[in-house]
Amino acid sequence: MSACAFTAIAANDVALSDAPINPVWIKAGSPRARMGEIARSDDGTAVNVIWDCSAGLFEWRFGVDETVHIIEGEVTVADVNGVERTLRPGDVAFFPVGSVTLWRVDSYVRKLAVCRHAMPLPLGFALRAFNKLKALAGFGVGGNAMGVAAQSKPA
């Protein structure tokens, strides 16, 4: 069995840098967004970040699949059909690549974001099949719920 290295850090210890929102997307206020990277996958297809933002109203267009976990504050998110949901600490939401949403931050929001570049459907199917075969052959022991071996980088 191989050793598993991982990254662990308190969310409040992640150094944040300015990550300006596209000015064209800002509908009201002067939201200031910041971001700090926690970890990135070896293949570059996934990254984990802490992101925060001050008050404002802005559109957000997702260029990657993104799962968010609200850590502090809250945000009300509306989709193109006007369906809205207020996300508070502990809430988790998934936004597929191509989603267009309207974010209203009344005061402040801080989130953990897990961003993943979507792969074409046939490639994703082939990868899942490969991982299934690998697991059946005994090479997938210790994997996660998706049958992929757990890996991460040292701190």
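Flag set for Leu127, criterion: of a type in the set (A, V, I, L, M, F, W, C), at pLDDT below 65 and not in a loop (DSSP other than H, G, I, E, B).
Please find, within the stretch 3-21, the residue that is surrounded by the fewest Cβ atoms within 10 Å (Cβ to Cβ) out of those that are in a loop (DSSP other than H, G, I, E, B) and touching a Lys or Arg at 6+ places or on another chain (Cβ under 7 Å).
So the residue we want is Ala5.
Whether a residue is among the β-branched types (Val, Ile, Thr), loosely packed, with under 15 Cβ neighbours inside 10 Å and within 20 Å of Lys27 (Cα to Cα) was assessed, and Val83 passes this test.
Every test in (1) charged (D, E, K, R); (2) farther than 21 Å from Pro96 by Cα; (3) within 17 Å of the chain's Cα centre (by Cα) is passed by Asp65 save one, and that test is (2). For the stretch 86-99, a residue qualifies if it is more than 14 Å from Lys111 (Cβ to Cβ) and surrounded by 13 or more Cβ atoms within 10 Å (Cβ to Cβ), and the qualifying residues are Val97, Ser99.
Within the stretch 83-111, the set of residues being closer than 15 Å to Gly63 by Cα and β-branched (Val, Ile, Thr) comprises Val97, Val100, Thr101.
Quick one: which residue in Ser30, Ser54 is outside any loop (DSSP other than H, G, I, E, B), of a type in the set (Ser, Thr, Tyr) and in the same structural domain as Arg110 (by TED's automatic domain parsing)?
Ser54
Of all residues in the stretch 50-73, those satisfying the criterion of being at pLDDT 95 or above, surrounded by fewer than 17 Cβ atoms within 10 Å (Cβ to Cβ) and not hydrophobic (A, V, I, L, M, F, W, C) are Ser54, Glu59, Arg61, Thr67, His69, Glu72.
Of all the listed residues (Arg32, Arg40), the sole one being surrounded by fewer than 18 Cβ atoms within 10 Å (Cβ to Cβ) and closer than 17 Å to Gly73 by Cβ is Arg32. One residue alone among Val24, Val47 is of a type in the set (Val, Ile, Thr) and either surrounded by 13 or more Cβ atoms within 10 Å (Cβ to Cβ) or touching a Leu at 6+ places or on another chain (Cβ under 6 Å) (or both), and that residue is Val47.
Of the residues making up the stretch 62-113, those that are in contact (Cβ under 8 Å) with a residue 40 or more places away in the chain and either closer than 20 Å to Arg32 by Cα or in a strand (DSSP E or B) (or both) number 21.
The values are calculated or read from the model by the stated rules, or taken from the named source; none is laboratory data. What you are looking at is a predicted structure, and each value in this text was computed from that prediction instead of being measured. Ideal geometry is used to build each Cβ from the backbone, glycine not excepted, and the neighbour counts take in all protein chains shown.
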